[in-house]
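Peer 1: Sharing a structure below in structure tokens format, with a few things to ask.
The values are calculated or read from the model by the stated rules, or taken from the named source; none is laboratory data. This is a predicted model, so every value here is computed, not measured. No Cβ is skipped: glycine too gets one built from the backbone with ideal geometry, and neighbour counts run over all protein chains shown. Just so you know, the surface numbers come from the protein's heavy atoms only, side chains and all, with ligands and any DNA or RNA stripped out. Shrake-Rupley method; radii C 1.70, N 1.55, O 1.52, S 1.80 Å.
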Amino acid sequence: MELWVIVIIIAVVILFLWLIFTLIPIALWLNAAIAKVRISILSLISMKLRRIPPARIVNPQIKAVKAGVNVYTHKLEAHYLAGGNIDRVVNALIAAQRANVAFEFEQAAAIDLSGRDVFEAVKMSVNPKVIETPAISAITKNGVELIIKLNITVKANIERLIGGAGESTIVARVSEGLISTVGSLNSLGAVLENPDSVSRIVFEKGLDSGTAFKILSIDITEIDVGRNIGVQLKADQAAADKRITQARAEERRAIAIAVEQERRSQVQEMRVKVVEAEAEVQKAMVNALQDGKLGVMDYYNIMNALSNAQTKNFMPDSDE
């Protein structure tokens, strides 16, 4: 046999083996067989042709079978093609089985596709989570502000994970419930003497309805006394009343000043009229003197009287 023929045969064999190992993940198939995962070579080739990495399907399936969880290959493929995270789903199924929580693959896949971390949700359904609220300001009936922090112990409600509200809704509802509860109390002492009663009232409101969680307990961790809103409001009201009184006093003063100015204006007008009348009188007396109807002595006496009256009229008022 010639050398070139041998070279061609070797090249064909190498190409054939390369194609086989490329299309058929032999090592993965052997791992699945050893783990007693029933999957055929044709299924692996089909995954390759459909651009599904076989390891992304087979390895989680091997882990599930080792943990005693039965999952089907075609369901894993469908979930992968839908954009789901197979590892998280399988981990969630294993965690649920270990905790004796009834959990089906379809339910886990739906939760995963909804955007929630299904594995964390299962862990939270077994091990409750504590949510710490920020400082909440509440005011009693007598106007004392209380700044309260709470710990809300919740566990995931698997049945309501799809479409249920999240942690922010729980915090908002509990904060609103606390504010309304404290607002119904008459004094600060009612809260400080028995804070458990306040948290119990808030807990009994059923604030977890429609959420993805179940509230197990609500505990007050810190209470600080803030401002005395009642006293501050009274002080503000007193200051407002004072400003109103001052404004009314200023208004009365302005009215009094205006009246006084008007009186003085009237007095000045009267003085002008008196001066004009006196001038007319003097004119009449001069005409009477010229006509011989008035004597010199009479004119002299009248002028003295007018001079005295004029001096008196032009004297300043005692109140000016």
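Peer 1: Out of the residues in the stretch 159-184 meeting the condition of being among the aliphatic types (A, V, I, L, M) and modelled with pLDDT of 80 or more, tell me which one is nearest to A102 (Cα to Cα).
Peer 2: Only one residue tops the list, namely A165.
Peer 1: In addition: Please go through the stretch 120-164 and give me each residue that is loosely packed, with under 15 Cβ neighbours inside 10 Å and basic (K, R), ordered by number.
Peer 2: Selection gives K141 alone.
Table: residues versus (1) in a loop (DSSP other than H, G, I, E, B); (2) over 41 Å from the mean Cα position of the chain (by Cα); (3) farther than 28 Å from L30 by Cα.
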{"site": "R51", "(1), (2), (3)": "yes, yes, no"}
{"site": "A55", "(1), (2), (3)": "no, yes, no"}
{"site": "V65", "(1), (2), (3)": "no, yes, no"}
{"site": "V69", "(1), (2), (3)": "yes, yes, no"}
{"site": "V101", "(1), (2), (3)": "yes, no, yes"}
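Peer 1: How many residues are open to solvent by 70 Å² or more (accessible area, probe 1.4 Å) and more than 24 Å from the chain's Cα centre (by Cα) when one looks only at the stretch 217-233?
Peer 2: Residues in the stretch 217-233 being open to solvent by 70 Å² or more (accessible area, probe 1.4 Å) and more than 24 Å from the chain's Cα centre (by Cα): 3 in total.
Peer 1: Same structure again: Read through the list (1) assigned to a loop (DSSP other than H, G, I, E, B); (2) crowded, with 16+ Cβ neighbours inside 10 Å, then give the number of the only condition that S209 fails.
Peer 2: (2)
Peer 1: Within the stretch 170-206, how many residues turn out to be among the charged types (D, E, K, R) and crowded, with 21+ Cβ neighbours inside 10 Å?
Peer 2: Matching residues across the stretch 170-206 total 1.
Peer 1: A further question follows. With the checklist (1) open to solvent by 60 Å² or more (accessible area, probe 1.4 Å); (2) of a type in the set (V, I, T); (3) not in a helix (DSSP H, G or I) in hand, flag the one item I255 doesn't pass.
Peer 2: (3)
Peer 1: Looking at (1) closer than 23 Å to I57 by Cβ; (2) of a type in the set (D, E); (3) open to solvent by 70 Å² or more (accessible area, probe 1.4 Å), can you tell me which one D117 breaks?
Peer 2: (3)
Peer 1: Tell me which of these E167 doesn't satisfy, since it passes every other one: (1) more than 15 Å from G143 (Cβ to Cβ); (2) surrounded by fewer than 15 Cβ atoms within 10 Å (Cβ to Cβ); (3) without any contact (Cβ under 8 Å) to a residue 40 or more places away in the chain.
Peer 2: (3)
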